[in-house]
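**Q** The structure that follows is given in the form of structure tokens.
The values are calculated or read from the model by the stated rules, or taken from the named source; none is laboratory data. The structure presented is a predicted model; accordingly, all values stated were derived computationally and were not measured. Using ideal geometry, Cβ is built from the backbone for each residue, glycine included, and neighbour counts are taken over all protein chains shown.
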Amino acid sequence: MTNSFGEFDRAKMFFVIGSNMTEAHPVASTFLKNAVKNGAKLIVADPRKHKLVNYADLHLRLKVGSDIALLNALMNVIIEEKLFDPAFVSENTEGFEALSEEVSRATPEAMAPICGIDAETIREAARMLASVSPAMLCYTLGITEHTCGKNNVMTVANLQMLLGNMGVECGGVNPLRGQNNVQGACDMGALPGIFHGYQKVGDPAARKKFEEAWGVTDLPEKPGLMMPEMMEGLEDKKVRAFWIFGENLANTEPDIHKVEHELASAEFLICQDIFLNETTKFAHVVLPAAAWSENDGTFTNSERRVSRVRTASTPPGVAKPNWWIFKEIAKRFGHEWPANSAQEIWDDEVAALAPNFKGITYDRIENDGLQWPCPSTDHPGTVFLHKGGQFTHGKGVFNITNWTPPAEIADAEYPLVLSTGRRLYHYHTRTQTGRCEGLNDLLGEETCDISPTDARRLGIQPQETVRVSSRRGTVEVTARITPEIPEGMVWMAFHFRETNANWLTNAAYDPETLTAEYKACAVKVEKM
Amino acid sequence: MSDGTISINGKAYPFKPDQTILEVATEAGISIPTLCHLKGTTPTGACRLCVVEVKGARNLLTSCSTPAASGMEVNTDSPAVTQSRKMTLELLLSSGNHDCLNEGSGTDTKVLFDARAEIDGHSDHLCPSWGECKLQEYALAYGATGTKYPRAKPAYPPEVNNPLIIRDFSRCILCGRCVQACNEVQVNEAISYGYRGSESKIVALGDLPLFQSACVFCGECVQACPTGALVDKKSKGKWRPWDVETIRTTCPYCGVGCQQSLHVKDGRIVKVTGVEEGLPNKGRLCVKGRFGYDFIYSDERLTTPLIRENGELREASWDEALDLVADKLKEIIGESGPDALAGVSCARSINEDSYQMQKLFRGVFKTNNIDHCART
């Protein structure tokens, strides 16, 4: 997030797109609802009429995967009616001419059939959005989990730059991160092309710095494989050993049949986890790890805040902290790593070797955490990025995007669009929440959420078990008939194994980020 | 005197527009007891415990809902104030099942608890909020015993038919903090006041059980409840406040990063609450953050390394498992080069773990084949 949760309750305008915040980020949504109660305006763009829509001034019920069409049409109106921020655009951005030319073709009339929203509503939304400045734009995986995910992200950034909503309090582009430390795992360099702190592996100076700090030579300069490539590599034996730390890939990745075939092809599979799960079935070695609250450390939240995690219990049996396991393997390769606690790792290496984290040390985050960039120990941390319209690479660049349809669209054989996500009472594949007293009682099974119109057409009764099939798999699941879902769409989560949406989802990826299109595939629903 | 200050107990304090007497006093470090007041929400003045004497006013005024005014002279501790608060407490105690003070002696809740448990031979049925109850705390401070008036019979049976929250209406003082927490803090809008007079009750959607209502079990109401009326079912009876330590940590679920207080007894988490004023959540939690902690105590946890042999996983020592991993990886690197290795890190584990894993892959194995579910 460029901005912070602390700004939510005093913001005056929100544009929430592809985010079911009340279920996936419940506490963040409370601050947004506080703002709405205090008079802030809210526009929600989402195919589903989820709970946040109850608080919206305008609900743009776009078709799944039509985000760019909608966003470009909004920008068409904003430019046409001169509702943008000319000072910000001229002083802080590049490429406005090209953007103008491109979105001039994306008239509300032209985009209306693609996104399923009439032209006048698009105009109304554009005017409403531009009427209050700044506006906070929030998105979640509804934007990224598409074959056009990267373009979706660039388009929301275009919109916010056009409106001059960047680099100001209560503005910004704010992706709410789905997992407690997914921001941190990125920040720490668990990505193929960067060391921690976003220092590129292709940069000779960065490699030299880490070679000296780690006492090694010849750090590899070519970015590595991304996760889907790794898994495909298992099948063609380019990847012979695969180390899975704390992931249940057999349930979380699209097209479970394909994933399990790949995992079964692994010559040597190491799983490091806190439970046996569907993925450890394929493991050759399982390493037992300490869990949350069983060791000290830090998490970094969506707003870049590094906060402490503390020990409350001892790990069971001989389970060990993950950092210890990696250190022990390094030792067996002849590398003696000096740090012997999470604090030593952070203070002596993470902070010391990355300018963005340099000022964050354990003694400074005893209470509230600090938000990076935090370049020195007297720096208060950074609440919002790009202050005064100063972007990391100078001016903000408008990247031109064009709408492209999802890789698989509904047809005569599979006439419905399946979109997927998370539900309030569970988290991912339930390895955690499935073992918490009470949570399973509140939600004990998956459902196929379907519109009343489609249910009536198919003769489906409430709570009836139906068969949902895609080109990749079939599940039998209870139907939940609800007006939250628009006609032509069904919605499911990936919390339960037998009824996991990922038996159905399409392993089609954004060409650059290799993010899978979890949000759109074609299915059929049948009475049993 | 009208110089932009307010006098509290004889001393002048500046104040900001719209501040209440309670807010000015709290900022000045002057403690005024409150039951219904919930910071950041609309004051209701329902409990009348925060009354103060204001010179020139005909009656005592509720400090939570009276704006500070220039020249105002306030006494937070006069005999009239003390007497009124004691009376309020006696009335509240008699309004329901508040029987922890009958003996009326001593001010230490643990001593009181042990004494009562000894008389009864056990402590199982004693109020689950004993020692963590604002009503009990103030009653002890003001010498209210709950014996001055006849005790009202409970009008409603407790609601226990959901897995997480017990609603014991016999201990509800109708302060409305839960209603404020639900409607103004979390904005889940599941509960409200229902019925009238002695029939008054906090109700969910036309008086339905919580699980049939709009309740999303965030438990903000439980955290706000000043008595034993709303109780965390999972932790009931497992602890008393004098035998837990509180440890601050960060929630293991979504990317908001809520700050939690873990209430830990003998190395085991028995309850979770939000860290009041802590950033970013300012005390708020959701259902997973508040109630989703006990997976770590599951019997199904992995307790030892495992190695697959003849198709089955068998137990192994750390040395055996780590040696096997190291040997196999060396062999593969030797035969096919480091890029034949790949790893995914964990987006739930701590930063330091991900840092170490990428350091291992880059610095030791010499491959950049390290990723995680960053983009999903």
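**Q** Name the residues in the stretch B:78-122 that are closer than 30 Å to B:Arg58 by Cβ, of a type in the set (Ser, Thr, Tyr) and out of contact with any strand residue (DSSP E or B) (no Cβ under 6 Å at 6 or more places or on another chain), would you?
**A** Answer for the stretch B:78-122, where residues must be closer than 30 Å to B:Arg58 by Cβ, of a type in the set (Ser, Thr, Tyr) and out of contact with any strand residue (DSSP E or B) (no Cβ under 6 Å at 6 or more places or on another chain): B:Thr82, B:Thr88, B:Ser94, B:Ser95.
**Q** Please determine, by comparing only the residues of the stretch A:233-249 that are more than 7 Å from every other protein chain (Cβ to nearest Cβ) and within 24 Å of B:Ile350 (Cβ to Cβ), which one is surrounded by the most Cβ atoms within 10 Å (Cβ to Cβ).
**A** Restricting to residues being more than 7 Å from every other protein chain (Cβ to nearest Cβ) and within 24 Å of B:Ile350 (Cβ to Cβ), the top hit is A:Leu249.
**Q** Of (1) over 23 Å from the mean Cα position of the chain (by Cα); (2) closer than 26 Å to A:Leu62 by Cβ; (3) charged (D, E, K, R), A:Glu446 satisfies all except one. Which?
**A** Looking at each condition in turn, A:Glu446 falls short on (1).
**Q** How many of the residues making up the stretch B:116-135 are surrounded by 13 or more Cβ atoms within 10 Å (Cβ to Cβ) and free of Cβ contacts under 8 Å to residues at least 40 places away in the same chain?
**A** 4
**Q** Out of (1) aliphatic (A, V, I, L, M); (2) facing chain B (nearest Cβ under 9 Å); (3) not in a helix (DSSP H, G or I), what's the single condition that is false for A:Met166?
**A** It is condition (2) that A:Met166 fails.
**Q** Are there any pairs, at least 6 apart or on different chains, whose C-beta atoms fall under 8 Å, with the first in the stretch B:358-375 and hydroxyl-bearing (Ser, Thr, Tyr) and the second surrounded by 24 or more Cβ atoms within 10 Å (Cβ to Cβ), and if so, which?
**A** That search, which allows pairs on different chains as well, returns B:Thr367/A:Gly224; B:Thr367/B:Leu341; B:Thr367/B:Ala342; B:Thr367/B:Phe361.
**Q** Go through the stretch A:25-55 and count every residue that is among the hydrophobic types (A, V, I, L, M, F, W, C), touching a helix residue (DSSP H, G or I) at 6+ places or on another chain (Cβ under 8 Å) and in a helix (DSSP H, G or I).
**A** Selection size over the stretch A:25-55: 7.
**Q** Let me ask you something else. If only one of B:Glu300, B:Glu335, B:Glu309 is facing chain A (nearest Cβ under 7 Å) and surrounded by fewer than 17 Cβ atoms within 10 Å (Cβ to Cβ), which one is it?
**A** B:Glu300
**Q** Now for a different question. How many of the residues making up the stretch B:24-58 are in contact (Cβ under 8 Å) with a residue 60 or more places away in the chain and on the phi > 0 side of the Ramachandran plot?
**A** So the answer is 1.
**Q** When the stretch A:399-413 is examined, which residues are found to be surrounded by fewer than 20 Cβ atoms within 10 Å (Cβ to Cβ) and touching a residue at least 24 places away in the same chain (Cβ under 8 Å)?
**A** A:Asn399, A:Ile400, A:Asn402, A:Thr404, A:Pro405, A:Ala407, A:Ile409, A:Ala410, A:Asp411, A:Glu413, listed by residue number.
**Q** Considering the stretch A:363-398 alone, what residues qualify as being in contact (Cβ under 8 Å) with a residue 60 or more places away in the chain, surrounded by fewer than 19 Cβ atoms within 10 Å (Cβ to Cβ) and under 26 Å from A:Trp324 (Cβ atoms)?
**A** A:Ile365
**Q** Let me ask another. May I ask you to say which residue of B:Val231, B:Val256, B:Val264, B:Val272 is among the aliphatic types (A, V, I, L, M) and assigned to a loop (DSSP other than H, G, I, E, B)?
**A** None of the others qualify; the one that does is B:Val256.
**Q** Quick one: in the stretch B:24-63, which of the residues that are charged (D, E, K, R) and under 21 Å from B:Ser7 (Cβ atoms) is surrounded by the fewest Cβ atoms within 10 Å (Cβ to Cβ)?
**A** Checked the stretch B:24-63; the qualifying residue surrounded by the fewest Cβ atoms within 10 Å (Cβ to Cβ) is B:Arg58.
**Q** Being under 25 Å from B:Gln136 (Cα atoms), part of a loop (DSSP other than H, G, I, E, B) and modelled with pLDDT under 95 is the filter here; which residues of the stretch B:161-199 pass it?
**A** none
**Q** Show me the helices (runs of 4 or more DSSP H) entirely contained within the stretch A:254-365 in which 3 or more residues are more than 8 Å from chain B (Cβ to nearest Cβ) and not charged (D, E, K, R).
**A** Those helices (runs of 4 or more DSSP H) span A:256-264.
**Q** I'd like to check something: does the stretch A:431-448 contain any residue that is of a type outside the set (S, T, N, Q), more than 14 Å from chain B (Cβ to nearest Cβ) and farther than 21 Å from A:Pro254 by Cβ?
**A** Yes; the residues of the stretch A:431-448 include at least one that is of a type outside the set (S, T, N, Q), more than 14 Å from chain B (Cβ to nearest Cβ) and farther than 21 Å from A:Pro254 by Cβ.
**Q** Got a number for residues in the stretch B:156-174 being surrounded by 15 or more Cβ atoms within 10 Å (Cβ to Cβ), more than 14 Å from every other protein chain (Cβ to nearest Cβ) and at negative phi?
**A** Residues that pass the stated criteria total 10.
**Q** Okay, next question. Give the residue, chosen from A:Asp441, A:Asp454, A:Asp449, that is more than 30 Å from A:Phe245 (Cα to Cα), of a type in the set (D, E, K, R) and either in a helix (DSSP H, G or I) or in the same structural domain as A:Asn72 (by TED's automatic domain parsing) (or both).
**A** Unique residue meeting the criteria: A:Asp454.
**Q** Inside the stretch A:326-343, can you point out the residues that are buried (at least 16 other Cβ atoms within 10 Å of the Cβ) and either more than 17 Å from A:Met188 (Cα to Cα) or without any contact (Cβ under 8 Å) to a residue 40 or more places away in the chain (or both)?
**A** Within the stretch A:326-343, A:Phe326, A:Lys327, A:Glu328, A:Ile329, A:Ala330, A:Arg332, A:His335, A:Trp337, A:Ala339 qualify.
**Q** Exactly one condition in (1) surrounded by fewer than 21 Cβ atoms within 10 Å (Cβ to Cβ); (2) closer than 23 Å to A:His426 by Cβ; (3) acidic (Asp, Glu) is not met by B:Asp232; state its number.
**A** Condition not satisfied by B:Asp232: (1).
**Q** So which residues in the stretch A:131-158 are crowded, with 23+ Cβ neighbours inside 10 Å and either within 13 Å of A:Leu83 (Cβ to Cβ) or outside the structural domain of A:Met21 (by TED's automatic domain parsing) (or both)?
**A** Passing the criteria: only A:Ala135.
**Q** Among B:Ala321, B:Ala374, B:Ala347, which is the only one that is under 44 Å from the mean Cα position of the chain (by Cα), surrounded by fewer than 24 Cβ atoms within 10 Å (Cβ to Cβ), within 7 Å of chain A (Cβ to nearest Cβ) and in a loop (DSSP other than H, G, I, E, B)?
**A** B:Ala374
**Q** Check B:Gln223 against each of (1) part of a loop (DSSP other than H, G, I, E, B); (2) at pLDDT 95 or above and name the one condition it does not meet.
**A** Status for B:Gln223: all satisfied but (1).
**Q** Can you find even one residue in the stretch B:281-298 that is modelled with pLDDT of 95 or more and closer than 23 Å to A:Phe326 by Cβ?
**A** Yes.
**Q** Next question, about the same structure. Yes or no: the stretch B:175-198 includes at least one residue that is away from every other protein chain (no Cβ under 14 Å), farther than 26 Å from B:Leu126 by Cβ and touching a Phe, Trp or Tyr at 6+ places or on another chain (Cβ under 9 Å).
**A** Yes, some residue in the stretch B:175-198 is away from every other protein chain (no Cβ under 14 Å), farther than 26 Å from B:Leu126 by Cβ and touching a Phe, Trp or Tyr at 6+ places or on another chain (Cβ under 9 Å).
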